[in-house]
């Protein structure tokens, strides 16, 4: 099982952080490994929305589709792969520290199968490293 949790404090109000992070159109700007995002359902984001992503991870190009399974604007977003190399669930959660500071938590968990199962300890390490970069990137974008 891969279960990676990272968090960061961003000097912006919760509404700014959560609305930016929850918009799949912004993912290629703040996710280090995401190349593109493509809506497969109508906007706006809601439970049942599906978004196709292309990414580079560990030297390979990956294509996968996430479906939104839980969405509480300003609090939590949970999406799960419905098509991709292995089942993965990604959760964003946001908590106001004060009026102008937000804690963002990014969690990825999944169950690698087949050949990728052998690499799950390495994948956890690499995902944690990438997630830290992602959160630093979103912090930089939102604070500047």
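Bear in mind these aren't lab numbers, they're just calculated from the coordinates by the rules spelled out. This is a predicted model, so every value here is computed, not measured. Glycine gets a Cβ as well: all are built from the backbone with ideal geometry, and neighbour counts include every protein chain shown.
Okay, here's what the table says:
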| quantity | calculated |
| --- | --- |
| Antiparallel content of DSSP bridges confined to the chain, in %, to 5 | 100 percent |
| R0 of 35 Å, Cβ-Cβ distance residue 29-residue 122: FRET efficiency to nearest 0.05 | 0.85 |
| Estimated 222 nm signal from helices in the chain, with DSSP H stretches of n ≥ 4 weighted -39500 (n - 2.57), rounded to 500 | -8000 deg cm²/dmol |
| Relative contact order (percent, whole number), region 1-62, Cα cutoff 8 Å, 6+ residue spacing | 21 percent |
| Residue exposure sequence - 23, 134 - by fewest surrounding Cβ within 10 Å | 23, 134 |
| Cα-derived Rg over Rh, computed across the chain with Rh taken as Kirkwood radius | 0.95 |
| Rel. contact order, % - alpha carbon contacts under 8 angstrom, at least six apart, region 2-143 | 33 percent |
